[in-house]
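Before any comments, here is the structure.
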């Protein structure tokens, strides 16, 4: 073999090696591109799932917050309506002394006070009711003018027992039941 053949053979070997390296490089580049593309697709799919889950979670939170706010507003409105209803009933009760049935109310309360206390020592009532109260309990009791809408407070002659038949006290004791009644009526609407 001649030098020229040796050089040609070396060059041919180099070319073959270069083609092999190039072929391997292109094959490896293709494989890496496929791997990268798959990783990119997997990342996109994962982020799409995470984003979708976060959106659902945010929607759920927003819906829950909106539902909670709606319930709060409804409860507030119901509470306002209950307060208005209770105020109407209170105003009607406080105007009761101008009603004809008020005298019967005083008669029943006086009988109840006499029964519970026995001897009544002091009575506190509105000035407008002095004559009626005096006629119900007699002159042996002392009458004291009080700031009240109607009714009276009776104190035993020993001073140890007291019964409060004022309209304010009656309303105060009945207020929880009145509120429940009004709320039940609102709930039916």
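The values are calculated or read from the model by the stated rules, or taken from the named source; none is laboratory data. Small disclaimer: the values here were computed from a predicted structure and weren't measured. Here the Cβ positions follow ideal geometry from the backbone for every residue, glycine too, while neighbour counts run over all protein chains shown.
Things to note:
- Residue match in the stretch 168-182 (condition: over 30 Å from residue 83 (Cβ atoms) and free of Cβ contacts under 8 Å to residues at least 12 places away in the same chain): no
- Selection within the stretch 133-151 - farther than 23 Å from residue 88 by Cβ and either out of contact with any helix residue (DSSP H, G or I) (no Cβ under 6 Å at 6 or more places or on another chain) or in contact (Cβ under 8 Å) with a residue 60 or more places away in the chain (or both): 133, 134, 135, 137, 138, 139, 140, 141, 142, 144, 146
- A residue that is surrounded by 20 or more Cβ atoms within 10 Å (Cβ to Cβ), under 43 Å from the mean Cα position of the chain (by Cα), modelled with pLDDT of 90 or more and not in a helix (DSSP H, G or I) occurs somewhere in the stretch 110-128.
Quick grid of which residues meet (1) more than 24 Å from residue 179 (Cβ to Cβ); (2) in a helix (DSSP H, G or I); (3) in contact (Cβ under 8 Å) with a residue 24 or more places away in the chain; (4) under 44 Å from the mean Cα position of the chain (by Cα):
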| residue | (1), (2), (3), (4) |
| --- | --- |
| 12 | yes, yes, no, no |
| 18 | yes, yes, no, no |
| 21 | yes, yes, no, no |
| 39 | yes, yes, no, no |
| 62 | yes, yes, no, yes |
| 70 | no, yes, no, yes |
| 84 | no, yes, no, yes |
| 90 | no, yes, yes, yes |
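- Selection status of residue 77, surrounded by 10 or more Cβ atoms within 10 Å (Cβ to Cβ) and more than 22 Å from the chain's Cα centre (by Cα): no
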